[in-house]
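The structure appears right after this line, and notes come after that.
The values are calculated or read from the model by the stated rules, or taken from the named source; none is laboratory data. Because the structure is a prediction, the values reported are computed rather than measured. Positions of Cβ are generated from backbone atoms using ideal geometry, with glycine treated the same way; all protein chains shown enter the neighbour counts. When the accessible area is computed, the model is the full protein with side chains, heavy atoms only, and any ligands, DNA or RNA have been set aside. Shrake-Rupley method; radii C 1.70, N 1.55, O 1.52, S 1.80 Å.
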Amino acid sequence: MKYADWPLSAPVNITWEITHQCNLHCIHCLSASSKASPGELTFEECKQTVDELARLKVFEINFGGGEPLLKEYFLPLLRYIHTKGIVTCVSTNGTVLTKEAVALFTGNRLVNIQVSLDGATAEVNDRIRGEGTFRNIISGIELLSRKNIPLSVNTVVTSQNFSQLNELKDLAKKYGARLRVSRFRPSGRARQSWDALRLNPAQLKEIAAWLESDLSILTGDSFFSISQDGRRKMGLDMCGACKLTCCIDPVGNVYPCAFLQDEPFYGGNLRENSFKKIWDSAPSFLRLRSLEPKACRACPRFESCRGGCPAVAYFLTKDLDAADPECLVNWIREVP
Amino acid sequence: MAHDMANSMAYRLAEDVQVRQEAWGLLFYRQAEHKVFFIRSGEWLYPEHFDGTWTLENIIEDIARRTGALVDNIETALPKLTERLTANRMLL
């Protein structure tokens with residue numbers, strides 16, 4: 001029995017979208033970020049949440065957004081979190097780094113930085129992240145490079161950049177960073193671009209083989225439904241929503257994960273309930289923890305993946321009992 | 001002699017590892033790889049047992065006193081748990 005089937009007292013890590021404000025307008029943004037939302041949490045409210053997360057011994061907070069560095073209190077909030085010994089990972093678009101931010105990150109054992117880049121060339125990257133962004137992102141990576149900052153370059157794998165994955169790995173290495181690849185999911189603005197950017201079965205097969213052949217590529221839990229068994233042994237081989245992780249949005253709403261920020265999955269709001277109460281008892285969380293998609297139960301690989309990514313299944317079919325359409329078993333039949 | 005030395009060594013978490021109590025045992029987190037590891041130690045072990053001040057002998061006595069478990073059983077089972085932790089680099 002996987003340990004994550006037991007209820008954990010708190011998440012292992014949290015994804016915290018600290019703002020919806022972003023200076024970019026990427027076509028695949030899972031949060032559909034642009035302007036800050038009305039009523040985003042204040043600095044004091046954030047500190048109270050951090051106090052509770054520290055009491056619960058949440059180990060790590062992964063910040064995203066929007067662009068976290070656009071939040072006026074973000075750096076003071078990071079400093080506050082670090083006084084509690086909580087590890088932080090900041091996912092940034094790399095275009096708004098300040099000297100103060102780089103100084104805070106440098107040599108800080110509680111900070112990991114992830115810079116988003118969706119192509120090894122401007123031609124590919126800028127189609128997704130916007131005109132001129134490649135140049136600005138590389139400038140940001142250069143500011144962070146070789147400054148004793150655990151650094152990764154994060155790429156959402158799409159049909160546009162699929163052929164550049166090895167170049168992206170080399171580019172990351174050139175700057176002393178690792179490559180992290182994320183799965184493209186139809187959440188946020190990506191719903192409009194899903195058909196244009198999704199991988200086809202042959203590409204899914206190829207990426208599964210590529211991930212199996214190179215265990216230095218970071219994936220988080222992104223590709224567990226297509227992972228071959230070698231990579232599965234590295235852990236994070238199942239959906240961690242409500243079991244290992246959950247998501248806080250800019251106005252304090254709590255969801256099972258960053259890709260399930262939709263009404264049916266709403267767990268509660270931190271202005272009305274404690275985080276612990278939401279984690280322990282939100283009906284949507286209880287439902288998702290026991291999810292075993294009907295379409296998957298008879299599958300010989302069910303014990304390996306427990307039904308793939310519910311976010312992909314839900315946003316494509318509106319049915320949590322549907323199988324993840326990109327799971328290894330589904331596409332492997334279509335590819336010779 | 002080796003047995004005596006093992007008993008006198010204090011258990012300490014590895015440098016980048018944190019630990020917390022769960023209902024079924026202990027959950028460890030290693031920062032460098034963002035990895036978790038667990039042991040189903042029930043009520044036997046606390047995070048404080050790995051703060052560098054508890055020897056194996058101390059821990060066995062503590063478990064026996066709190067839980068009523070037989071010392072022989074603890075002496076058999078506990079090193080297996082701590083060896084797993086050491087093998088997975090959760091302990092120094």
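What whole-number value in Å² describes the accessible area per residue of chain A for a 1.4 Å probe?
41 Å²
Between B and A, roughly 1600 Å² of accessible area is buried in total, ligands, DNA and RNA not counted and the probe set to 1.4 Å.
Carbon-plus-sulfur fraction of the accessible area of the protein assembly as shown, 1.4 Å probe, in percent?
Working: 9960 of 18930 Å².
Carbon-and-sulfur percentage of accessible area, whole number: 53.
The residues of chain B expose on average 56 square angstrom of accessible surface per residue, using a 1.4 Å probe on protein heavy atoms. Among B:ASP62, B:ASP72, B:ASP51, the largest mean-square fluctuation in a Gaussian network model of chain B, built with springs joining Cα atoms closer than 10 Å, belongs to B:ASP72. From its DSSP helices (H runs of at least four residues, each -39,500 (n - 2.57)), chain A gives a residue-normalised ellipticity at 222 nm of -9500 deg cm²/dmol.
If you build a Gaussian network model of chain A, linking Cα atoms that sit under 10 Å apart, which residue out of A:ARG55, A:ARG178, A:ARG198 swings the most? Comparing A:ARG55, A:ARG178, A:ARG198 in a Gaussian network model of chain A, the most mobile one is A:ARG55. Legend: calculated FRET efficiency, B:GLU57 to A:ASP319, from the Cβ-Cβ distance at R0 = 51 Å, rounded to 0.05, equals 0.35. 3J(HN,Hα) along the stretch A:290-304: 9, 5, 9, x, 4, 5, 9, 4, 8, 6, x, 9, 4, 5, 7 Hz, from the Karplus curve 6.51 cos²θ - 1.76 cosθ + 1.60 with θ = phi - 60°, whole Hz, x for Gly and Pro. Rolling a 1.4 Å probe over the protein chains gives A:SER304 an accessible area of about 40 Å².
Considering all C-alpha pairs of the stretch A:1-87, those separated by over 16 Å amount to 58%.
Helix B:56-67 and the long axis of chain B differ in direction by around 80°, with both axes built from C-alpha atoms. With a Förster radius of 60 Å, plug the Cβ-Cβ distance of A:THR121 and B:ARG65 into 1/(1 + (r/R0)^6) and report the FRET value to the nearest 0.05. Using R0 = 60 Å, I get an efficiency of 0.35. From largest to smallest, the equivalent ellipsoid semi-axes obtained for the protein assembly as shown from the alpha-carbon gyration tensor read 36, 26, 23 Å. Note on A:8-16: average number of Cβ atoms from other chains within 10 Å of each residue's Cβ is 3.
Of all the options A:GLN21, A:GLN48, A:GLN261, the one that moves most in a Gaussian network model of chain A with Cα springs shorter than 10 angstrom is A:GLN48. Would you kindly give the portion of the calculated P(r) for the stretch B:5-87 that falls above 20 Å, as a percent of all Cα pairs? The calculated P(r) of the stretch B:5-87 puts 28 percent of pairs beyond 20 Å. A P(r) calculated from all alpha carbon pairs of the stretch A:127-193, with 10 Å bins opening at zero, reads 19, 48, 29, 4 percent.
The length gained on full extension between B:LEU81 and B:TRP24, counted as 0.36 nm times the residue separation minus their Cα-Cα distance, comes to 19.2 nm. Only lysine pairs 8 or more places apart or on separate chains count here, and in the stretch A:1-93 those with Cα atoms under 28 Å apart total 9. Of all DSSP-defined beta bridges confined to chain A, some 10% are antiparallel rather than parallel. Just give the residues from the stretch A:107-128 buried by at least 10 square angstrom of accessible area in the all-chains context relative to the isolated chain, probe 1.4 Å, and say none if nothing qualifies. With the partner chains in place, the stretch A:107-128 has these residues losing at least 10 Å²: A:ARG109, A:ASN112.
Look at the stretch A:56-69: the mean tally of other chain Cβ atoms within 10 Å of its residues' Cβ atoms is 2. Once backbone amide H atoms are built at 1.01 Å from N, A:TRP16 has A:ASN62, A:PHE63, A:GLY64, A:ILE248 as its partners under 5 Å, excluding neighbours fewer than 5 places away on the same chain. Modelled spin-label separation between A:THR42 and A:TYR175, with each label point placed 7 Å from Cα along the Cα-to-Cβ direction: 3.7 nm.
Excluding B:GLU15 itself, calculate the net charge of residues whose Cβ lies under 15 Å from the Cβ of B:GLU15, where each Lys or Arg counts +1 and each Asp or Glu counts -1. Mind dumping the intermediate values first?
Working: positive: A:ARG109, B:ARG12, B:ARG30, B:LYS35, B:ARG89; negative: B:ASP16, B:GLU33, B:ASP51.
Value of the local net charge: +2.
The mean number of Cβ atoms from other chains found within 10 Å of a Cβ in peptide B:28-37 is 5, as a whole number.
Taking all protein chains as they are arranged and a probe of 1.4 Å, the heavy atoms of A:TYR266 leave approximately 80 Å² accessible to solvent.
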